[in-house]
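Down below is the structure, laid out as structure tokens.
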Amino acid sequence: MSKILENLQLPLDQSLEDYLAWASPGYSEFRVLKKSVDARARHNPHFVVSVEVAEENERLPQKTYRLDQISHQPKTKPLIVGTGPAGLFAALRFVERGIACELFERGSPSEVRMKGINQYWRYGKLDSHNNVCFGEGGAGLYSDGKLITRIKSEHIPFVMNRLVKFGAPQEIEYLSNPHVGSDRLRRVIPKMRDFLLQNGCTIHFDTQVTDLVIENKKVVGLKTSKNQVFKSDHVLIATGHSAEDIFEVFKKNEVFMEPKSFAVGIRIEHPQAWVNQQQYKSAAGHAALGSANYKLTHHDEKTGIGTYSFCMCPGGFVLSSSTDQDGLVANGMSNFNRNSPWANSAVVVTVDAKNNFGNSLMGGVEYRKSLEVRALQAVYQNGGTKQLPAQNLNDFLNQKQGLVRKGSSPSGEVSARVDQVLNVEVYKKLVEGIEAFDQKMRGYIHPEAQVYAVESRTSCPLRVTRDPQTYQSISHGGLYPVGEGAGYAGGITSAACDGIRVADRIYEEIKSQSLEAIESRRGL
Ligand SMILES: Cc1cc2nc3c(=O)[nH]c(=O)nc-3n(C[C@H](O)[C@H](O)[C@H](O)COP(=O)(O)OP(=O)(O)OC[C@H]3O[C@@H](n4cnc5c(N)ncnc54)[C@H](O)[C@@H]3O)c2cc1C
């Protein structure tokens, strides 16, 4: 029998092997179940580890996550639009259950997509199909690869396990704050693609889905930019929160959608060494700790509006990540080693859909677009071409323009009035929030801190409402809105879990149909 040692407190310099040699002499092998850093005690950050240990001559039980398979193929193959985490994990789940499926992606395979992204950062020439949000891997590929999620889902271990199978670091299965990094994700996705192709999934790259085929309020297929029509009983749309073309397709076809609150703001960049110092005190810089992160929130009691840090990228890079030639979006990423000298994070304010846009369905989409256009104008007005608009944090707070330093963004930065890109109300809330952050994390208003515009793609401003049991659109059977663009996920892990959830629901339906078919053939 293996035994579990829970919540071991290990000093930074103590190796787990050495500890186990003392605590469980003669053990044959061990598996880390959980590991986190506890940095709350001043000057004494340490690891908290739970571990499963096999005694001498024993083996640890293997975790396999093997799935039940279908006995008969369905009449039509499920069609999945989008190869972000939601679409890829839906496809993976189908093929692992023996169901052949087809994936559609407006962008190219990740290796080609990379060239489009580099071209944009170097020359400002946007490829509308291959950018930081579009192309194989979705917005998830060119990300920080943080896998932490607030959702509770039985599918999370499966997601981590399969990412590891395709090359993600094994530690994501047990770290409390798992992270893959953009560089590693770029190697994971092609392996996942190969597995899908070898196991019954057809992938149509460079193929934008342009319309739905609808019969009697039921979606029965889709149309593509290559003038093809594909028919299916199951059409999954996992196109992410930037797919404005798909929102228009839904609107035109009267697919039920509703406005959803989201958040906008700025990306802020601090010296990583300062963040490490704040979080780890005298242990800052210890090799076992790596780059520290932070999470800050401020809640305005009077208005109920929250300002919060979001998507923090320690040792990362601020990215220009637009999908439109006439707008600019700021976001962040980091590589696995998180070793850039800068830490960046979004600081955003909630934009309540009802209060701000009333009954206007597209109000949120139009609002974020207007901010993105203003961000690009700010660059042009200040003599820039392809850079992000930037402002020293103190200048941002004092509403003035000054010098900016060289930051981490591969597109570069140009001095601009970032404060003026934002609406007055959002600006005021950001100032209030940042001042409150400075109380919680002394020195947050750091002389070298710099802000960038505009953080506008935090989550989807719409929800494509679906039935909670069948996961089909409440207005159109056969249509399965999935992932972040449907308003049912926010982040890589939750989008992947949503893809799995929907694929499993369809599997159950297909399984019950094939059982019925068998029984009717037998005359039961
Ligand atoms: C720079 C950046 C960093 C991020 N960092 C993190 C992070 O560290 N951790 C985290 O959890 N989340 C992060 N996110 C958010 C995360 O990437 C998303 O939440 C997640 O990718 C959403 O998954 P999805 O599958 O629903 O949609 P997406 O990943 O957006 O994928 C949608 C896919 O659909 C395709 N598509 C769109 N329209 C069409 C069409 N008409 N026809 C065919 N294909 C279409 C797109 O090309 C894209 O590949 C980051 C996002 C960005 C942009």
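The values are calculated or read from the model by the stated rules, or taken from the named source; none is laboratory data. Remember, predicted model here, so these are calculated numbers, not experimental data. All Cβ positions, even for glycine, are placed from backbone atoms using ideal geometry, and neighbour counts span all protein chains on display. Note: areas computed on protein heavy atoms with side chains; ligands, DNA, RNA excluded. Shrake-Rupley method; radii C 1.70, N 1.55, O 1.52, S 1.80 Å.
Taking the solvent-accessible surface of protein heavy atoms with a 1.4 Å probe, what is the per residue accessible area of the stretch 1-75 in Å²?
Numbers: 5180 Å² over 75 residues.
That works out to 69 Å² for each residue.
Calculate, in nm to one decimal, what LYS226 and ASN199 gain on full extension: separation in residues at 0.36 nm each, minus their alpha carbon distance.
7.2 nm
Can you pull the one-decimal nm distance between simple spin-label points at GLN170 and GLU366, each 7 Å off the Cα toward Cβ? Modelled inter-label distance: 5.5 nm. In this structure, the amide hydrogen of SER143, modeled 1.01 Å from its nitrogen in the peptide plane, lies closer than 5 angstrom to no residue at least 5 positions away or on a different chain. Near LEU319, the amide H atoms lying under 5 Å from its own belong to ASN331, GLY332, MET333; only residues 5 or more places off or on other chains count, and H is placed 1.01 Å from N.
Once a ≥ b ≥ c are taken as the square roots of the eigenvalues of the Cα gyration tensor of the stretch 186-271, is the result rounded (a/c under 1.5), prolate (a/b larger than b/c) or oblate (a/b not larger than b/c)? If you can, show how the numbers build up before the last one.
Working: a/c = 2.51, a/b = 1.15, b/c = 2.18.
Verdict is oblate for the stretch 186-271.
Taking the Cα centre of the stretch 320-470 as origin, sum charge times position over the Cβ atoms of Lys and Arg (+1) and Asp and Glu (-1), and report the length of that vector in debye to the nearest 20.
Details: 17 positive and 15 negative charges, 38 e Å.
Computed charge dipole of the stretch 320-470: roughly 180 debye.
With all pairs of different alpha carbon atoms counted, what Kirkwood hydrodynamic radius in Å does the stretch 12-98 show?
Evaluated over the stretch 12-98, this radius sits at 17.6 Å.
For CYS201, the residues whose amide H sits under 5 Å from its own are CYS101, ignoring neighbours fewer than 5 places away on the same chain, with H placed 1.01 Å from N. Once the C-beta distance of VAL112 and ARG442 is scaled by a Förster radius of 30 Å, the resulting FRET efficiency is 0.05 to the nearest 0.05. For the set PHE166, PHE336, solvent exposure ranked by accessible area (probe 1.4 Å, protein chains only) runs largest to smallest as PHE336, PHE166.
Expected output is a single nm value to one decimal: the length gained when fully extending between GLN14 and ALA288, i.e. 0.36 nm times separation in residues minus the C-alpha distance. What is it? Answer, rounded to one decimal: 97.6 nm.
Under 14 Å from a label point 7 Å along Cα→Cβ of TYR380: give me every residue in the stretch 311-336 with its amide N that close. Output list for this probe position: 325-328.
Ignoring ligands, DNA and RNA, how do ILE148, ILE80 rank by accessible area with a 1.4 Å probe, largest first?
Working: ILE148 95, ILE80 0 Å².
Order by accessible area, largest first: ILE148, ILE80.
Beyond a 31 Å Cα-Cα separation, which of these cross-linked pairs lie in this structure: LYS251/LYS354; LYS35/LYS302; LYS3/LYS281; LYS295/LYS369; LYS252/LYS369? Walk me through the numbers on the way to the answer.
On the way: LYS251/LYS354 19 Å; LYS35/LYS302 39 Å; LYS3/LYS281 35 Å; LYS295/LYS369 27 Å; LYS252/LYS369 20 Å.
As for pairs spanning more than 31 Å Cα to Cα, those are LYS35/LYS302; LYS3/LYS281.
Residues ASP498, ASP326, ASP211 ordered from highest to lowest accessible area at a 1.4 Å probe: ASP326, ASP211, ASP498. How far apart, in nm, are the 7 Å Cα→Cβ label points at GLU425 and HIS72? My value for the distance between the label points is 5.7 nm.
Taken along its three principal axes, the alpha carbon spread of the stretch 251-300 comes to 59, 28, 15 Å, from the longest extent down to the shortest.
About the Cα centre, and with charges only on the beta carbon of Lys, Arg (+1) and Asp, Glu (-1), how big is the dipole of the stretch 227-295? Nearest 20 debye, please.
Numbers: 7 positive and 7 negative charges, 73 e Å.
Dipole magnitude for the stretch 227-295 comes out near 340 debye.
Bridging of LYS226 to aspartates and glutamates at a Cα separation below 14 Å is possible for GLU105, ASP206, ASP211, once same-chain residues fewer than 8 apart are set aside. If only the Cβ of Lys and Arg carry +1 and only the Cβ of Asp and Glu carry -1, the dipole of the chain around its Cα centre is close to 480 debye.
Normalised by 2.2 N^0.38 Å, with N the number of residues, the alpha-carbon radius of gyration of the stretch 406-512 equals 1.61. Ordering VAL365, MET333, SER320 by Cα displacement along the dipole of the stretch 251-376 toward the positive end leaves MET333 in first place; charges were set at the Cβ atoms of Lys, Arg (+1) and Asp, Glu (-1). Take the convex hull of the alpha carbons in the stretch 21-166; its mean projected area over all directions comes to 14.8 nm².
In the context of the full protein assembly, TRP274 retains an accessible surface of approximately 40 Å², using a probe radius of 1.4 Å and ignoring ligands and nucleic acids. Given a 1.4 Å probe and the protein chains as shown, SER282 ends up with an accessible area of around 90 Å².
For the chain, compute Rh as the Kirkwood radius over C-alpha pairs and then the Stokes-Einstein diffusion coefficient at 37 °C and 0.692 mPa s; write the answer in µm²/s, rounded to an integer.
Numbers: Rh = 24.4 Å.
This corresponds to a translational diffusion coefficient of 134 µm²/s.
Per the Kirkwood definition applied to all pairs of different Cα atoms, how many angstroms is the hydrodynamic radius of the stretch 297-357? Mind showing how you got there, number by number?
Working: mean 1/r = 0.0733 Å⁻¹.
Averaging 1/r across every pair of different Cα atoms and inverting gives 13.6 Å.
Run the Debye formula on the Cα coordinates of the stretch 202-347, all scatterers equal and no solvent, and tell me log10 I(q)/I(0) at q = 0.12, 0.20 1/Å. Debye curve over Cα of the stretch 202-347, log10 I(q)/I(0) at q = 0.12, 0.20 Å⁻¹: -0.75, -1.16. Its DSSP H runs of at least 4 residues, each contributing -39,500 (n - 2.57), put the calculated 222 nm mean residue ellipticity of the chain at -9500 deg cm²/dmol, to the nearest 500.
Sorted from longest to shortest, the spans of the Cα atoms of the stretch 317-442 along the three principal axes equal 45, 38, 34 Å. Stretched out straight at 0.36 nm per residue, the stretch from TYR123 to LYS260 would grow longer than its current Cα-Cα span by 45.8 nm. Surface composition of the chain: carbon and sulfur make up 49 percent of the accessible area, probe 1.4 Å.
Can you classify the stretch 90-138 as rounded, prolate or oblate using the Cα gyration tensor, where a ≥ b ≥ c are the square roots of its eigenvalues, rounded means a/c under 1.5, and otherwise it's prolate if a/b beats b/c and oblate if not? Judged from the Cα gyration tensor, the stretch 90-138 comes out prolate (a/c at least 1.5, a/b above b/c).
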